[in-house]
Amino acid sequence: MAPPSAIDPAPEVTAITDTTAVTLPDFLAAPIQSNEIGKRRRKAREGQWGIAAPSDTRDFRFRSYEGKPKAKRWDHYFSHEARVRKGNRLKGAAKFLTSKPGIISLGGGLPSSEYFPFEEISMKVPAKGKFSEVETKESGVVITAGKHDLVNMKSTYDIATALNYGQGSGSAQLLRWVTEHTEFVHAPPYQDWQCTLTIGSTSGWDMTLRLMTRPGDVVLAEEYTFSAAVETALPLGVRMVGVPMDSDGLIPEAMDELLTNWDLSDRGSRKPHVLYTIPTGQNPTGATIPGPRRRAIYEVCQKHDIFIVEDEPYFFLQMQPYTGPNAPDVPPPSSHAEFLKTLVPSFLSMDIDGRVLRMDSFSKVIAPGSRVGWITASEQFIQKYQKYADVSTQNPSGISQLIMFKLLDEHWGHDGYLDWLIHMRMEYTKRRDVILRACEKHLPRSIVSWTPPMAGMFHWMQVDFKQHPDYPQKNIETIEEEIFMRVIDHGALVMRGSWFYASEDDAHDTLFFRATYGAAKADQIEEAVRRFGEAIKEEFKLGEGTNGMDNGH
Ligand code: PLP
């Protein structure tokens, strides 16, 4: 049998025939059922599932966006390279393959799948609702992708398609799923929003910097931020400047003040036009910006014409409320609707201007090695991004896309994925509670303080360095270094807060350590915290068994 290819556009295999824009009555009011989704999906364009076929995400949205505002144009901020890049001619030619039935391609340099040494890919995954490792071992479901499932009408995606070249957008199959998911969760309130797949948010940020900044620029960020985000920007000649934050994250008034008083000659660069923020379970501080504060930040961004990059790998690691050491656990959300309502609103969900670029990633909720994520932004931005992807990352690995599609679209469906996310919420709640209880038990409260994190995987502990016996003879950096080394001597590793400064040039008068409860087992988390506590007590010369209140400083 000849391998299927884009020269012979794949048949439409979905059973859905309605072609009207469907507005779901209320996404949140009813449970999201996979079979319902199937019925409501619009018939996708012929050939969209084929090899290297271009897709159009507008086909994947349920709601009609007629009457909503259109996104602002961002021409004034695009970098030189973003403006001059024309795209990839060869990939662009793929559209002709679906324009005429029976067209024979001698065009693209796509190898025949005849020579792909993979006939089937099988994986055992959790059955819907039975998510633990033990349950999966015992009663997991084996799902299989075949080489020619598409022409054999077994699936809309197969090995022959996934493992060939694709478009910078990623495959239509997975793109449809992420677009639907984005619509359920965020319902962006403007007309021309789109999604495109990424190879994760690390690359998403790198590519965004290349599209939206030029050497000499300054980007705003939380004063403590994800160090890799700073390290990505610096070699491009882009510095970050920290916006003051508190335990609820970035402070809008402080951001407004900073921008209002921006002085080019003083600062040595033009006024910032990009905000990089991690609004939920922030790395490293664990802070989650509450909804009203997000609205206030959005307004400041409107006032100063700021483009917002919301980097949200921890969005679905929002946990149950923390009720204290001996309080009973809060029961899990009883429905998908209730679950979605517990989530803090995203910047994307309030974005009437199309000024938000949201970065989602499967790294923290499925697996980081998948290297699959997606961004959501205005059509203008997405087009620039896809053109760039076409000549750089191309698309996420076909193996990853296929595996994710099989799991998310064909096996779990949207409802199963939401169940999985609720499962993750409960798992992280348990882990978070373990570290908080350990801290309450083992850390001297007069020296170490913290706010219980509501999302993410990080616990951010402030150390009152001014109580150190050698302060002020030793400065904050030296004290941090000494504590860090002493904690290692005691057999635990925590990260130094100074590694997360948005800008090393800014003055800092606070000392933190970051601990994650995402990886170690419960008893190891407790033991590591105990060791951390021991090291702190030694450093601050507190007696055995003390809670630190007897420290003379
Ligand atoms: N953004 C933040 C804030 C992170 O904390 C991390 C990982 O630690 C990433 C991005 C990396 O995401 P990805 O694996 O999608 O590249």
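Since every read-out is calculated from the coordinates, none of them should be taken as a lab result. Bear in mind that the values here come from a model prediction, so they are computed numbers and not experimental data. Every residue, glycine among them, receives a Cβ derived from its backbone with ideal geometry; neighbour counts consider all protein chains shown.
If I stretch the segment between M123 and M153 completely, what's the gain in nm (0.36 nm per residue apart, minus their alpha carbon distance), one decimal? Walk me through the numbers before you get to the answer.
On the way: separation 30, 0.36 × 30 = 10.80 nm, distance 2.05 nm.
Extra length available between M123 and M153 comes to 8.8 nm.
Taking only alpha carbon atoms, the range 425-540 gives an Rg to Rh ratio of 0.96, where Rh is the Kirkwood radius.
With all distinct Cα pairs included, what does the Kirkwood hydrodynamic radius of the range 221-270 come out to in Å, to one decimal, could you say? In the range 221-270 this quantity evaluates to 12.0 Å. Among residues other than G146 with Cβ under 13 Å from its Cβ, the summed charge is -2 (Lys and Arg +1, Asp and Glu -1). Can you compute log10 of I(q)/I(0) for the range 166-281 with the Debye formula, treating each Cα as one identical point scatterer, at q = 0.18 Å⁻¹? Calculated log10 I(q)/I(0) at the listed q: -1.07.
Suppose R0 equals 22 Å; then what is the FRET efficiency for I103 and D56 from their Cβ-Cβ distance, rounded to the nearest 0.05? Please report the intermediate quantities before stating the final value.
Numbers: r = 19 Å, r/R0 = 0.88.
Taking R0 as 22 Å, the efficiency between I103 and D56 is 0.70.
The radius of gyration of the Cα set in the range 429-480, together with its Dmax, comes out at 13.4, 42 angstrom.
Any number yet on Rg/Rh for the chain, C-alpha, Kirkwood? Working shown, then result.
On the way: Rg = 25.2 Å, Rh = 25.3 Å.
A ratio of 1.00.
With a simple spin-label model that places each label point 7 Å from the Cα along the Cα-to-Cβ direction, the separation between S139 and K441 comes to 3.3 nm. For the pair N261 and A507, label points projected 7 Å from Cα toward Cβ lie 1.2 nm apart.
Using the 10 angstrom Cβ neighbour count as an exposure proxy, how do F184, F512 rank, fewest first?
Working: F184 19, F512 22.
Placing the least packed residue first, the sequence is F184, F512.
Between H76 and E231, the simple spin-label model (points 7 angstrom out along Cα→Cβ) gives 3.6 nm. So how tilted is helix 201-212 from the main axis of the chain? Cα-based, degrees 0 to 90, rounded to 10. Result, in degrees: 80. Taking the Cα centre of the range 111-164 as origin and assigning +1 to Lys and Arg Cβ atoms and -1 to Asp and Glu Cβ atoms, the resulting dipole is close to 200 debye. Out of T136, I159, G146, whose Cα points farthest toward the positive end of the dipole of the range 111-164 (charges: +1 Lys, Arg; -1 Asp, Glu; placed on Cβ)? Toward the positive end, the furthest listed residue is T136. Over every Cα atom in the range 46-89, the radius of gyration and the widest Cα-Cα span, Dmax, amount to 15.4, 37 Å. With a cut-off of 19 Å on the backbone N, the residues of the range 60-86 near the modelled label site 7 Å out from R295 along Cα-Cβ are 69.
Net charge around L264, counting only other residues with Cβ within less than 11 Å of its Cβ (Lys, Arg = +1; Asp, Glu = -1)?
+1
Dividing the C-alpha radius of gyration of the range 54-161 by 2.2 N^0.38 Å, with N its residue count, gives 1.63. Residue order for W420, W193, fewest other beta carbons within 10 angstrom first, comes to W420, W193. The value given for the range 111-164 is a Kirkwood hydrodynamic radius of 12.4 Å, derived from the mean inverse Cα-Cα separation.
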